[in-house]
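Here the structure comes first, spelled out in structure tokens, and everything after it is commentary.
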Amino acid sequence: MADHYEVLGVSRDASTDEIKKAYRRLARQLHPDVNPGEDAAEQFKLVTHAYDVLSDDDSRRRYDMGGGDGAAGNFGGFGGFGDIFETFFGAAQGGGRGGRPRSRRERGQDALVRVTLDLGDVVFGAHRDIEVDTAVLCETCNGSCCQEGTSPVTCDICGGSGHVQRQVRSLLGNVVTSQPCGTCEGYGTTIPYPCGTCGGQGRVRSRRTVSLDIPAGVETGLRLQLPGSGEVGKAGGPNGDLYVEVSVTAHPTFSRDGDDLLATLEVSMPDAILGTETTIQGLDGDVDLEIRAGVQSGDVLTIKGRGITPLRGTQRGDLRVGVQVVTPTKIDSAQRRLIEDFAKKTKAPAPQLAQFQQGLFSKLRDRFRTH
Ligand SMILES: [Zn+2]
Ligand SMILES: [Zn+2]
């Protein structure tokens, strides 16, 4: 087996600190998470084993005297190295072990609120003031968590590191592991006189009014993100984000098709025959319409630019109105005679088959059913 000092690249009289530094440097290069190569894995085993032997005073002395490895030779897979690696690099690995104490400041949570709009709001956008239950900065301590004139003190137990070290026996010999200090919860400091208003949290629950500008063109299910409008963080940490989920209620008359608005226009039989002018009420005011003589059920009248302003863009969609000619169902005998006379004079044809046509109007109606 290679010489442990050579493996680590240190002299035979290297201090424990130098050995530690050498191991760290090599482990950073060779750890399988960083360097997936087969050779690196073998070298990492050697390096870790060498470190394990030389970092412990007893086993190093035995090794120096030629008494063999000192540590158990059987060190199977990488599982056994996890502890050592985490001891050194725990914080970098996100494990929270070792390294610096954790910060009391935490980012606030994101919040979600729902707003209900009607189609009219969607056409132009809308403004809402909504109440949200959230956390706001504690004004008594201004996020410091401490009573006035006091401040956090260094934790007696961990000496401010936020971690306590523990020696454990492993397959590789004695290994020092580090775990969060239970006394200060890993913060490295304790708060002897917590702020009475917030109980040492630096923030309090509160109901807050958020002013919302909802853009035109939104749809049900869309989430708007308001960065920094969520909960205030613990101990003066940064705010979370506020998400606003939009829900659009169905309108009794108008439906939406992309940026277009759809509606049905019922036209009486005489108006359909003779043509007429009329005014309909759009979502944004009156619209003058001319119905040509002889208009048919299924004809679509398009009013340009009276639809929805898209979410991205300024060009409004159209208002499309599908004509439905309404056949009278109740007529008196005088009216009946007039219609019979009309039929005779116009030589109205008998009902006849024609090719099946999926007219525009029936397409519109299908859309209406799904909205
Ligand atoms: Zn406070
Ligand atoms: Zn502590």
**Prompt:** Just to be sure, is S144 away from ligand 1 (no atom under 16 Å from the Cβ) and small (G, A, S)?
**Reply:** no
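Can you go through T249, T279 and tell me which one is without any contact (Cβ under 8 Å) to a residue 12 or more places away in the chain and not small (G, A, S)? Show your work before the answer.
Details: T249 fails: without any contact (Cβ under 8 Å) to a residue 12 or more places away in the chain.
None of the other options fit; the residue is T279.
Would you check which residues across the range 225-236 are surrounded by fewer than 19 Cβ atoms within 10 Å (Cβ to Cβ) and touching an Asp or Glu at 6+ places or on another chain (Cβ under 8 Å) and list them?
First, pick out the residues of the range 225-236 that are surrounded by fewer than 19 Cβ atoms within 10 Å (Cβ to Cβ): 225-228, 236.
Scanning the range 225-236 gives Q225, L226, P227, G228.
Restricting attention to the range 152-166, and to residues there that are under 12 Å from Q179 (Cα atoms) and either within 16 Å of ligand 1 (Cβ to nearest atom) or of a type outside the set (S, T, Y) (or both), which single residue is modelled with the lowest pLDDT?
Taking the candidates together, the pick is R166.
Quick check, is Y51 at pLDDT 85 or above and assigned to a helix (DSSP H, G or I)?
Values: at pLDDT 85 or above: yes; assigned to a helix (DSSP H, G or I): yes.
The answer is yes for Y51.
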**Message:** Quick check on this structure: which one of T197, T183 is part of a loop (DSSP other than H, G, I, E, B), surrounded by 12 or more Cβ atoms within 10 Å (Cβ to Cβ), in the same structural domain as G236 (by TED's automatic domain parsing) and within 16 Å of ligand 1 (Cβ to nearest atom)?
**Reply:** T197
**Request:** Being at pLDDT 90 or above and away from ligand 2 (no atom under 16 Å from the Cβ) is the filter here, so list the residues in the range 167-193 that pass it.
**Result:** Y193
**Within the range 125-143, tally of residues that are open to solvent by 60 Å² or more (accessible area, probe 1.4 Å) and of a type in the set (S, T, N, Q)** = 2
**Complete:** Within the range 108-153, the residues that are part of a strand (DSSP E or B) and β-branched (V, I, T) are V113, V115, T116, I130, V132, T134, V136, V153
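So that you can scan it fast, the table gives a plain yes or no per residue for (1) open to solvent by less than 60 Å² (accessible area, probe 1.4 Å); (2) in contact with a Pro (Cβ under 6 Å, 6 or more places away or on another chain); (3) without any contact (Cβ under 8 Å) to a residue 40 or more places away in the chain:
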| residue | (1), (2), (3) |
| --- | --- |
| V287 | yes, no, yes |
| I291 | yes, no, yes |
| G294 | yes, no, yes |
| G298 | yes, no, no |
| G317 | yes, no, no |
| Q335 | no, no, yes |
**Request:** Given the conditions (1) among the hydroxyl-bearing types (S, T, Y); (2) touching an Asp or Glu at 6+ places or on another chain (Cβ under 8 Å); (3) surrounded by 11 or more Cβ atoms within 10 Å (Cβ to Cβ), report the number of the one that S268 does not fulfil.
**Result:** (2)
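The values are calculated or read from the model by the stated rules, or taken from the named source; none is laboratory data. Since the model is a prediction, treat every value here as computed from it, not as a measurement. In this analysis, Cβ positions are derived from the backbone assuming ideal geometry, glycine residues included, and neighbour counts consider all displayed protein chains. Accessible surface areas use protein heavy atoms only, side chains included; no ligands, DNA or RNA. Shrake-Rupley method; radii C 1.70, N 1.55, O 1.52, S 1.80 Å.
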